[in-house]
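Structure first, commentary second.
The values are calculated or read from the model by the stated rules, or taken from the named source; none is laboratory data. Predicted, not measured: the structure shown is a model, and the values here were computed from it. Ideal geometry is used to build each Cβ from the backbone, glycine not excepted, and the neighbour counts take in all protein chains shown.
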Amino acid sequence: MSAQSVGSSPRRGGGYGRVTGHQEYLADIKLPDMLHVKLVTLDVARARINSIDVSEAESLPGVAFVMTAADLPDPMPRFGPQFQDRPVIADGETKYHGEPVAAVAAETKDAAEEGARRVKVDYEKLEGGIFNVTDALAPDAVLVQDPSLRGDSPFAQTNVIDEKRFGWGDIEAQESDLVVEDNFQFPMVTHFAIEPHGFMAAPTGDGIEIWSTIQHPYLLQKIMAKMLQLPLSKVRVHAPDPGGGFGGKQIPKFEPLVAFMALRAGRPVRLVLTLDETFQQVRRSSAEIRIRAGFTSEGALTFMDVETNFLVGAYVDIADRVVSKSSYAAAGPYRIPAVKIIGRTIVSHTTPSTAFRGFGIPQIGWARESLIDEAALQLGMDRLEIRLLNLARYKEAFIPMEEADGDWEQTVRTAAKRIGWGDPLPPNRGRGIAVGLKSGPTTGLSYSTVRLLYDGSAMVYAGTSDMGQGARTIFAQIASDELGVPVEQISVVMGDTAVVPYDQQTSASRSSVLMGTAVQRACFDIQGKVRAMAAELYGVDEAAIKIDSGNLLLPDRDVAIVDAMQQALAPLGGEVIGNGEMRKQKDPNHPLGGTAAFFEFNCTASEVEVDMETGHVTLVKHVTVGDVGRSLNPQQVTAQDDGAAIQGLGHTLMEHYIFDDEGRIRNIGAIDYRILTSMDLPLEMHSESIENADGPGPYGIKGVSEGSLLVTAPAVAAAVREATGVLIRDLPLTPQRVWEALQEAKDGS
Amino acid sequence: MNPFQYARPATVAEAVALLEEHGPDARLLAGGTDLVIELRNHWVEPKLVIDLKHIPELAPAITQRKGFLSISAGTVMTDIAEDERVQHHLPALVEAAVVVGSVQIRARATMAGNICNGSPAADTAPPLLVYDAVVVVAGPAGTRRVAVNDFIVGPGKTDLQRGELVTAIELPIPDRPYGAAYTRLTRRRGTDLASITLCAGVDAAGAARIAFGSVGPRAFLVEDESGLLGDPGIRIEDKVEPLDKMFELASPSLKSLRASPDYRLAMLRVLGARALETALGRLTKELVG
C-alpha cells in the first residue's frame, strides 16, 4: 500500500499538553479525601531495626497513621518480576541506603514530612555491608539475601544470584597471532527521569484502584492481584503518561505499600517521590568486565572471552534478565569462531538496579569496543577497518540461532563518512568509532482494539505507556493510513487496565513493532468488516474488492472506507470495531527464551578536543547511525536517537554515584550528580537512520530508541585516547579523571 | 518546610529593628535562591523571615556616583551582567555574574545575597575582591562601610553584626587603565557549582593581584610581590614560581565530591595563568585603545 502518514512527522500526540503544562501527570491527579505519604529512611545502608516508635509521629496534628513492617501481613509479602525478594517495606533489616522502614500517612504533604521526621527508629548499623564486587565475592562475605528466599539455587549460600554461560566453539583451540586482554569498569548511574516516581491507591469496596507512573501497567495489575488475592477484574491500574521512564519505571516499587496503606485507611493515599528519593530507588547496574580476544595478524577475530560481574543491588528486580540478555550479545555484531561468555548477577547492599535504556549492553560494549581499539593499535590497523573486517554481513549468523537482520556495513560506513573518518585532525583532537548491538524483545503479547466511529473519526486502544517516546503518534499514524482517517481525528487511549486491552510491557523498544502490528491488525479487522458491508451494499463479490490507502477499490470505482461504513450503517449510525493481536511466543529451546524480534544496531562516531591542561573534553562532533528498518516518523526517530546519545554522553562524561565507606550515596540529587545540560551538548550532532524496510514491524520498521547510547562511551573514550594517547578504563571521563590519566602518562614516560 | 512568621518592612530602619529584635531567629529574604532551599531542606528553621523586596531604598538600582558604581542590595545578577557601565568598567564582575546558577536563578539572585550567604564558592567574591568593592551596611548604630575583604569571614560567616543588613555594594571605577578577568573550574559547562573561582587583575605599573575561592574557608585576595606576574614582557611559562606563591593559602577540602585536592591545586595554576593572560590582554587593549 502507498502510505501517506507513515514516513511523515505529524504533530506529536500529547505534545501540546506536555509543552504547555496541560498534561495531567500522576502528581497532578487529586483524589477526594486523599492522604499523603512520606517514607522514613535511615542514614545508613545496612542496619538492623530493633524497634520503631511511631507514637510521637502519630500524635502530630494531621498525621493519620504510620505504617511499619509490624502492620503488614506476616510473613512479609514480597514481590518481583523474576524473584519474589522485595519486601513491601524493610523487614527487620535495611539492605540499602534509602530503603524505607516506615511510611507516614497524613492529611497534608507537610504533615507527612513532619511525621516522618518524628518517627523514632532504634537501629544498629551492621558491619560487613557489601558495596562492591570484590567484597560480594569474598569467601566470608555477608549474605545480602536470606538463603531461604533463594529456593534451590546452587548459589543460595553466596551473593551470586545466577551465573549465565553462553558461547560457541572452543576458545582454547583457536590460533591467534595477537591476544589482548583488559579490565574495564562501568559506574552506577540513575535514570533521572524529570518526573519522579509516583503511586496512588484507593479502595473500591470489592477491589482496588492503583495509579502509578509505571511503564508496565499490566504487570503491576498481575502483581497486585496476586498480593491482595483479588481477581484481575477487581484491580484497576491507571497509568497516566509518564514524564520519562528509560526503564526505571518498568517494575512495581511502592505500589504494594500504598495499596496496603489505602486499605488500612479506607481512603485514597498517595506517595510522590522527590527526585532525590528516586536516586535511592532506581539505577543502572554497575559492572566489572574482564575481556580477552584473539586476532590473526590480518585483524580477524579468532576468539572472544568475556566475563562480566554485574553488581545489581539489594533486590534483583529485573536485573538478572539484564545480565542474561546483555551477556548473550556480549561478543557484539562480529563473526567470531569461538566465544565464551560468563555473566554474573551479584547482589549488594546498594540501590536495587533495574532496567535502563540499553539493558546491560552499554556496560559490556564499553569493554569490548575499547579492547578492539587496543587490538587495532597493536596490529597497526585502522580502527574502522578492523570493525568492517569482522562485522557480520547481511543474513550471516553471528550467534547460533541469530542472524544479522540488517546491512550493518552500510550503517558503519555511513557513520564513518559523516564523522569524516581519516580526515586530518588539528592538535588535541581525536576521533573514535564503535558499534553496538542490542537484542529486541524475545517474546511479546500485545492486543489492540480500534473503533471506526460513525463520523469517520477513530479511537485506538493500546496498552503501551507513552513516556515521551511518542507511541501515541505512531499508533495514530498507522491507523490513519490503514483506515483513511486523518491523524488529527484519531484519539489514542492508553493507561487504564479497565478500558484498554492487555499489553505485556513497554520496553526493549518494542511498541512500534509489536503493538504497532496489533494496531495494524485491528485496522485490517475493520477493513475486512467494511469490505463485507460494502460487498452487500454495492452488490459486488467481496473477493473483488481490494483495499488501498484507506479506500475500497471496487471494480468500477474507489470508495473511501469511511464512506462505505457510513452508507452501510445508516440510518442508525454506530461504529465498526476491530481487534488485533501480536504474539511472539516463547521458544523453550532458545537460551533467552526466544530469538530477538529485531536487533538495534548502531554505529557511534565521535570527535573530541581535549584541554590538555585541565582534562576537559569538548565534544566537537557526535554521530550516531542506526538501522531502523524504516523511519515511521522521522522526527521522532531522530529525537529518540538524539536523546539516547545525550543520555549516553552522561554516563560517558559525568554521571556516577559516589559512595562513602558505609554505602551511603554522597551525591544524591541534581547538585552533585551531574547530567548534561544544553551547554554540554556536542557542538555538532547528527542522528541518522538506515532504511531498508527489512524489519518485522509494520511497513518494515524495527525498534528504535536505545541504539544511540549502546556504545557512546567507547566511541568518545577512543577519541580521547587518540587526542591524548591515554587509555582510560573507568567511566565517567570527568575532567579530573582525564587529567589524572594525563599526569600518570607524563610521570610514566 | 516549617511554619514561620513573615514580615515585609517598608524601610531599612524597620528591617533593622526586626533584625535587632529577633537576632539569629530571623532570616532575610531577597532573591530567596539560597533561603528557600535551606528552608525546604530544614537546614535553617527561622521563626521569622524578613522580606526585603518592598523596601524602596533597596530596590534594584545601579547608580554611577563620583568614582564608583553603587549596586543596591536588591539588584539581581542579570541586571548586573546586562548593565553597560558594569560591562565597560568591571568586565570580570560580569563574567562572574553570568555564571551564577542558571538563567532563572540569575533573574532572582542578588549579588548582596551572594556575598552574605558566605559560600566559599560564591562566584562574585573574587572579582569583588580584585575590584576593591566596599560593602555598605546599615544597622542600629547607623551606616558603615566595610571593605569586602573584611566583610567576608568564613563559610556562612560575614562581618554582619546583630541587627545589620547590607544595603549596597560600591565598586570603585578603576582610576587607571586596568585589566581583570574571571574564570572558574566546573565539572560541566552548564549550571554548576565551581570547584575553583578565580579573578586576576593587573595595571600598567605591573601591580598584579589574584583572588580565588572554593579552595578554603573563604575567597582570598593575594597581591603579587614578585612584580613579575603583571609584566607583559615575561612569558607565562616563566611565571610559574610567583604564580604558585599566590596560592599558598589554598587548602582544598579532602572530603569534597567535586574535585580532589591535587586536582584543585594543579588547576589553580592553570586557571591563574589563563586569567592573568586574559587580564594582561585586556590591559593592553585599554592602553592601546
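At a glance:
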read-out: Long-range neighbours under 9 Å by Cβ, at least six apart or interchain, first residue away from chain B (no Cβ under 12 Å) within the range A:731-749, second among the basic types (Lys, Arg) and surrounded by fewer than 23 Cβ atoms within 10 Å (Cβ to Cβ); value: A:LEU731/A:ARG737
read-out: The lone exception for A:ALA3 - which of (1) modelled with pLDDT under 95; (2) assigned by TED's automatic domain parsing to the domain that holds A:ILE214; (3) among the aliphatic types (A, V, I, L, M) it fails; value: (2)
read-out: A:GLU209 farther than 30 Å from A:ASP641 by Cβ and either buried (at least 19 other Cβ atoms within 10 Å of the Cβ) or among the acidic types (Asp, Glu) (or both); value: yes
read-out: Any chance B:ALA273 is more than 16 Å from B:ALA125 (Cα to Cα) and modelled with pLDDT of 95 or more; value: yes
read-out: Residue match in the range A:85-103 (condition: part of a strand (DSSP E or B), of a type in the set (D, E, K, R), over 25 Å from A:ILE341 (Cβ atoms) and in contact with a Ser or Thr (Cβ under 7 Å, 6 or more places away or on another chain)); value: no
read-out: Candidates B:ASP224, B:ASP203, B:ASP231, filtered to the one that is in contact with a Gly (Cβ under 8 Å, 6 or more places away or on another chain) and free of Cβ contacts under 8 Å to residues at least 24 places away in the same chain; value: B:ASP224
read-out: Top-ranked residue in the range B:244-255 [being under 30 Å from A:TYR657 (Cα atoms) and under 21 Å from the mean Cα position of the chain (by Cα); ranked as farthest from the other protein chains (Cβ to nearest Cβ)]; value: B:SER251
read-out: Pairs with Cβ under 7 Å, 6+ apart, first in the range B:26-54 and within 14 Å of another protein chain (Cβ to nearest Cβ), second among the polar types (S, T, N, Q) and part of a strand (DSSP E or B); value: none
read-out: Residue check for B:ALA259: away from chain A (no Cβ under 12 Å), touching a residue at least 60 places away in the same chain (Cβ under 8 Å) and either under 20 Å from B:ALA205 (Cβ atoms) or surrounded by 16 or more Cβ atoms within 10 Å (Cβ to Cβ) (or both); value: no
read-out: Total residues in the range B:175-213, condition within 14 Å of chain A (Cβ to nearest Cβ) and assigned to a loop (DSSP other than H, G, I, E, B); value: 10
read-out: Set A:GLY669, A:GLY695: member being at positive phi and either part of a loop (DSSP other than H, G, I, E, B) or more than 14 Å from chain B (Cβ to nearest Cβ) (or both); value: A:GLY669
read-out: Residues of the range A:401-428 that turn out to be of a type in the set (Lys, Arg) and surrounded by 16 or more Cβ atoms within 10 Å (Cβ to Cβ), as a count; value: 2
read-out: The range A:445-489, subset β-branched (Val, Ile, Thr) and surrounded by 23 or more Cβ atoms within 10 Å (Cβ to Cβ), residue farthest from A:SER705 (Cα to Cα); value: A:VAL485
read-out: Matching entry among A:GLY700, A:GLY707 (being of a type in the set (Gly, Ala, Ser), surrounded by fewer than 21 Cβ atoms within 10 Å (Cβ to Cβ) and more than 14 Å from chain B (Cβ to nearest Cβ)); value: A:GLY700
read-out: One residue from A:LEU632, A:LEU649, A:LEU619 being part of a loop (DSSP other than H, G, I, E, B) and either under 30 Å from A:ALA331 (Cα atoms) or touching a residue at least 12 places away in the same chain (Cβ under 8 Å) (or both); value: A:LEU632
read-out: Filter pass, A:LEU683 being in a strand (DSSP E or B), hydrophobic (A, V, I, L, M, F, W, C) and either assigned by TED's automatic domain parsing to the domain that holds A:PRO352 or more than 22 Å from A:ARG11 (Cα to Cα) (or both); value: no
read-out: Looking only at the range B:202-233, and only at residues there that are surrounded by fewer than 16 Cβ atoms within 10 Å (Cβ to Cβ) and among the aliphatic types (A, V, I, L, M), the one that is nearest to B:SER253 (Cα to Cα); value: B:ALA207
read-out: Residue ranges of helices (runs of 4 or more DSSP H) in the range B:63-108 with at least 1 members closer than 20 Å to B:VAL135 by Cα and not hydrophobic (A, V, I, L, M, F, W, C); value: B:77-82, B:84-89, B:91-97
read-out: Of the criteria (1) touching a strand residue (DSSP E or B) at 6+ places or on another chain (Cβ under 9 Å); (2) under 30 Å from A:THR345 (Cα atoms), which one A:PHE260 fails; value: (2)
read-out: Strands (runs of 3 or more DSSP E) (entirely within the range A:131-217) containing at least 3 residues that are in contact (Cβ under 8 Å) with a residue 60 or more places away in the chain; value: A:160-168, A:178-186, A:198-203
read-out: Condition check for A:ARG393: over 24 Å from A:ILE728 (Cα atoms) and assigned to a loop (DSSP other than H, G, I, E, B); value: yes
read-out: Residue match in the range A:677-686 (condition: touching a Phe, Trp or Tyr at 6+ places or on another chain (Cβ under 9 Å), within 14 Å of chain B (Cβ to nearest Cβ) and either in contact (Cβ under 8 Å) with a residue 40 or more places away in the chain or not hydrophobic (A, V, I, L, M, F, W, C) (or both)); value: no
read-out: Out of B:GLU277, B:GLU237, B:GLU241, sole residue that is away from every other protein chain (no Cβ under 14 Å), over 30 Å from A:PHE659 (Cβ atoms) and out of contact with any strand residue (DSSP E or B) (no Cβ under 7 Å at 6 or more places or on another chain); value: B:GLU241
read-out: Condition met for A:ALA330 (buried (at least 24 other Cβ atoms within 10 Å of the Cβ), among the hydrophobic types (A, V, I, L, M, F, W, C) and not in a strand (DSSP E or B)); value: yes
read-out: Criterion (outside the structural domain of B:ALA92 (by TED's automatic domain parsing), of a type outside the set (Gly, Ala, Ser) and loosely packed, with under 15 Cβ neighbours inside 10 Å) met by exactly one of B:VAL240, B:VAL270; value: B:VAL240
read-out: Residue, nearest to the chain's Cα centre (by Cα), within the range B:4-28, restricted to residues that are surrounded by 19 or more Cβ atoms within 10 Å (Cβ to Cβ) and in a strand (DSSP E or B); value: B:LEU28
read-out: Residue within the range A:591-604 that is farther than 26 Å from A:GLY432 by Cα and surrounded by fewer than 16 Cβ atoms within 10 Å (Cβ to Cβ) present; value: yes
read-out: Output for the range A:104-124, where each listed residue is more than 14 Å from chain B (Cβ to nearest Cβ), surrounded by 15 or more Cβ atoms within 10 Å (Cβ to Cβ) and in contact with a Lys or Arg (Cβ under 9 Å, 6 or more places away or on another chain); value: A:VAL104, A:ALA105, A:ALA106, A:TYR123
